[in-house]
Amino acid sequence: KKLYAVLGFAGLDTKKDKETYRKIVRSVLPKNSVFEVVNDAHIALEARCPNEQNRILVISGTGSTVLGQSKNREAKTIGWDFLLGDEGSGYEIGTKVLKSAIQSWDGRIQKTVLEDLLLQQTRCKTMEEFIPKIYHIFRNKTDAFKHSVADFAKLIDQALEANDWRAKEIREEAVAALLQGVRAVAQRLGIQDARFCIGLTGSVWKMPGLKERFKKTVREEFPRALFSERQEPGAWGAIILAKKLR
C-alpha cells in the first residue's frame, strides 16, 4: 500500500526551504510514498477552516502569521520572522514589555506595573542588575533569544489583571497589528466584501481580552467574517490535506 502524507514545518517559507525539507522527508519515508511538505500554517488553516472557499488563519504565538486562501489564490503577511515581521506575536509583545519596563524605570513614561513584574520574574533587585542579563542571553544564547523574549509577554496577563495602562495599550497595539494583517490578506485576495472563515491559533490568544477585542474589531470592518470555533490540532489539518493527495 502507498503511504500518503502531508508534513508541516515552521521554517518552510521559500522554494529553497521546500526543496530541503522534501529531500529530508523523502530519505525517511518508504520509496513509494506520496507526500507534500508545507508551512505549518497551511495545516493549521485546514484544521480551523476545512472546506471553506475563502479562509484566513491568524497565528499569534512566539511568532505571528496571517495566511489566507481563496480558490486557487494565496496571500500571507506578517510571518517574516522576528527581524522583519512577527507583529502581534509573543516576541513583539515581550519586546514591548521589556522596553516599557525600562522606560518606566528611567522616567520616560509614567509608572507601569510591568517594571516590578519584570524584576520579580527575573529575580533581579534592580534594572541595573537585569540589563546585562538580557544582553548576555542575546550574545550567548542566540538560538533561544526569540523564545526568551516571548516569555516576557506573559507578564501582560498579570498587568491586565492590575488594570495597568501600558498593558492595555500593548494589547490594543497587538489587535491593530493583527487586524492590519487580516486587512492586507483580504484585500490581496479580493474577499473584503465576501463571506470568509477566520481561524485563530497560538498561545498569545490566551491573553485576557485579546481574542474578544480582536473579534470585535474584525467584525466592525468585515461584518461577513465568521470565526471558526474548531479546536482540532494541526495534525488533523495534515490528515485532511493528505487525503486530497490520493
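The values are calculated or read from the model by the stated rules, or taken from the named source; none is laboratory data. None of the values given here were measured: they were computed from a predicted structure. Every residue, glycine among them, receives a Cβ derived from its backbone with ideal geometry; neighbour counts consider all protein chains shown. What goes into the accessible areas is simple: the full protein's heavy atoms, side chains included, and nothing from ligands, DNA or RNA. Shrake-Rupley method; radii C 1.70, N 1.55, O 1.52, S 1.80 Å.
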Worksheet item: Looking at Glu212, is it in contact with a helix residue (DSSP H, G or I) (Cβ under 7 Å, 6 or more places away or on another chain), of a type in the set (D, E, K, R) and at negative phi?
Response: no
Item to complete: Can you run down the residue pairs with Cβ atoms below 7 Å, 6 or more apart or on separate chains, where the first is in segment 168-192 and closer than 28 Å to Leu155 by Cα and the partner is part of a helix (DSSP H, G or I) and polar (S, T, N, Q)?
Response: Val175/Thr217; Leu179/Thr217
Worksheet, complete the sentence: Of the residues in segment 1-59, those that are under 30 Å from Val218 (Cα atoms) and without any contact (Cβ under 8 Å) to a residue 12 or more places away in the chain come to Gly11, Thr14, Asn51
Item to complete: Could you list, in sequence order, all residues of segment 5-21 that are more than 23 Å from Ser64 (Cβ to Cβ) and out of contact with any helix residue (DSSP H, G or I) (no Cβ under 9 Å at 6 or more places or on another chain)?
Response: Glu19, Thr20
Worksheet item: Within segment 206-213, is even one residue of a type in the set (Asp, Glu) and free of Cβ contacts under 8 Å to residues at least 24 places away in the same chain?
Response: yes
Worksheet item: Among (1) over 26 Å from Gln231 (Cα atoms); (2) surrounded by 18 or more Cβ atoms within 10 Å (Cβ to Cβ); (3) of a type outside the set (S, T, N, Q); (4) touching a Phe, Trp or Tyr at 6+ places or on another chain (Cβ under 7 Å), where does Ile56 come up short?
Response: (1)
Item to complete: Output the residues belonging to segment 24-41 that are open to solvent by 70 Å² or more (accessible area, probe 1.4 Å) and either within 29 Å of Val66 (Cβ to Cβ) or in contact with a His (Cβ under 8 Å, 6 or more places away or on another chain) (or both).
Response: Ile24
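Which residues, taken from segment 122-136, are open to solvent by 50 Å² or more (accessible area, probe 1.4 Å), assigned to a helix (DSSP H, G or I) and of a type in the set (Ser, Thr, Tyr)?
Tyr135 - this is the single residue of segment 122-136 that is open to solvent by 50 Å² or more (accessible area, probe 1.4 Å), assigned to a helix (DSSP H, G or I) and of a type in the set (Ser, Thr, Tyr).
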Item to complete: Filter segment 69-102 down to the residues that are more than 13 Å from Ala174 (Cα to Cα), of a type outside the set (A, V, I, L, M, F, W, C) and open to solvent by 50 Å² or more (accessible area, probe 1.4 Å), then identify the one that is nearest to the chain's Cα centre (by Cα).
Response: Asp81
Item to complete: Return yes when Ile109 is farther than 25 Å from Gly11 by Cα, touching a residue at least 24 places away in the same chain (Cβ under 8 Å) and hydrophobic (A, V, I, L, M, F, W, C) and no when it is not.
Response: yes
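Looking only at segment 156-210, which residues are among the acidic types (Asp, Glu) and in a helix (DSSP H, G or I)?
Asp157, Glu161, Glu169, Glu172, Glu173
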Discussion item. Looking at segment 219-239, can you tell me whether even one residue there is touching a strand residue (DSSP E or B) at 6+ places or on another chain (Cβ under 7 Å), modelled with pLDDT of 95 or more, part of a loop (DSSP other than H, G, I, E, B) and crowded, with 21+ Cβ neighbours inside 10 Å?
Written reply: no
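Quick check, is Ser70 touching a Gly at 6+ places or on another chain (Cβ under 8 Å), in contact (Cβ under 8 Å) with a residue 60 or more places away in the chain and among the polar types (S, T, N, Q)?
Judged against the criteria, Ser70 is a match.
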